[in-house]
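Bear in mind these aren't lab numbers, they're just calculated from the coordinates by the rules spelled out. What you are looking at is a predicted structure, and each value in this text was computed from that prediction instead of being measured. When we count neighbours, we look across all protein chains shown, and the Cβ atoms used for this are built from the backbone with ideal geometry, even at glycine.
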Amino acid sequence: MRSGKTTALNITGAMSARALSSANTTAAAIYRTIEACSPTLLIDEADTFVAEDNELRGIFNAGFQLGGEVIRTVGDDHEPRRFRCDGPVAFAGIGKLPGTMEDRSIKIVMRRRRPDETFKRFRPDRMERFSELARRAVRWVEDNLDQLRMIDDPDVPAALDDRAADCWRPLLAIAELVGGEWPKRARDAALALTQSTEDTASTRVLLLADLRDLFNAEKSGVLFTTEILNALHKRDDRPWPEFGKKQAPITGRQVASLLKPFGITAPKDPLWRGAEHARGYRRQDLEDAFLRYLS
């Protein structure tokens, strides 16, 4: 609360095409509005109603891709009709969006300002400065749209997964066309904002990356659980030293839980490495996940 979410939406709306704000809505209202006027939707208070509405989540998920549609029956004869649901959307809310929606989003984490941070108070009744920027944006699009359409494959950082690359590709194409320092700034922003998303999925991938580093240093292909935990607990740049309840270090059970969705389980019997044996993991059991999820 009080981190500036609504202010950010107001500024976004002032510089967007056909901006339409709402703090509550229904699935039917969304796809009928998109069909009618192709707005830029600004959804405030998303945490209060989006997560509980399965139909609404489905509409937003389908609308992520250009050409997204839903089929509904209309009229007394219940005639099937296709409705467009694709278009730009900005959500503001407290906490996380549902996982499928967050995966299709560029996430910007906002924080309440500190008492010692200086700022210039925003006045929603004085939006003229943003109108000028909006006019410049419209003119730029009119002058460059044909060239922009020709940039089918901008330079997308290899570290972005397929969904993140889809989110960022239009912005990276714009930056590439603008030129100068903007392509690098845009790619840096893509990496920073994508890597800052600390959901469970990214935490699992982070653990995979750290395990791969450990296996690269252990040529036998066998790591004991105690060795893994000792190494993870020393990583001050990772969440592992304070991962558990009451900021306790990550445990072997938690490591196993994070790896389970990848289909990775520790062998039931202790593993041997030379004259030593203990419970642990074999690289061969993680290799498929390394190839699929790590660059």
Requested in this report: Find the centroid of the Cα atoms in region 132-191 and in region 1-31, then give the distance between the two in whole Å.
Outcome: 23 Å
Report task. Show that you can apply the helix-only estimate: for the chain, add -39,500 (n - 2.57) for every DSSP H stretch of four or more residues, divide by all residues, and state [θ] at 222 nm to the nearest 500. Result -> -14000 deg cm²/dmol
Query raised in the report: Across every pair of different alpha-carbon atoms, what Kirkwood hydrodynamic radius in Å does region 200-293 reach?
Result: 13.5 Å
Report task. Report, in degrees rounded to the nearest 10, the 0 to 90 angle that the Cα long axis of helix 27-37 makes with the longest principal axis of the chain. Result -> 50 degrees
Report task. Apply the Kirkwood formula to region 65-119: the hydrodynamic radius equals the inverse of the mean of 1/r over all pairs of different alpha-carbon atoms; give it in Å with one decimal. Result -> 15.2 Å
Report task. Report the FRET efficiency, 1/(1 + (r/R0)^6), for residue 14 and residue 158, where r is their Cβ-Cβ distance and R0 is 30 Å, rounded to 0.05. Result -> 0.25
**Report entry** Cα-derived Rg to Rh of region 1-80, Kirkwood definition
**Finding:** 1.01
**Report entry** Label-point separation, residue 140 to residue 62 (7 Å along Cα→Cβ), nm
**Finding:** 3.3 nm
Requested in this report: Treating the angle as unsigned and between 0 and 90°, give the value, to the nearest 10°, between the Cα long axis of helix 182-195 and the longest Cα principal axis of the chain.
Outcome: 60 degrees
Query - For the chain, fraction of C-alpha pairs farther apart than 23 Å, in % - result: 68 percent
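Exceeding 22 Å between C-alpha atoms, which entries from my cross-link table qualify? They are 184/234; 96/245; 107/184.
Numbers: 184/234 33 Å; 96/245 20 Å; 107/184 19 Å.
Check vs 22 Å cut-off fails for 184/234.
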Report summary line: the chain, Gaussian network, Cα under 10 Å: of 15, 150, 127, the residue fluctuating most is 150
Query - In nm, spacing of pseudo-spin labels at residue 287 and residue 151 (7 Å Cα→C-beta vector) - result: 4.1 nm
Query raised in the report: Do you know the relative contact order of region 1-127, to the nearest whole percent, from alpha carbon pairs under 8 angstrom that are 6+ apart?
Result: 29 percent
Query raised in the report: For region 97-203, what mean projected area does the convex hull of the alpha carbons give, in nm²?
Result: 9.8 nm²
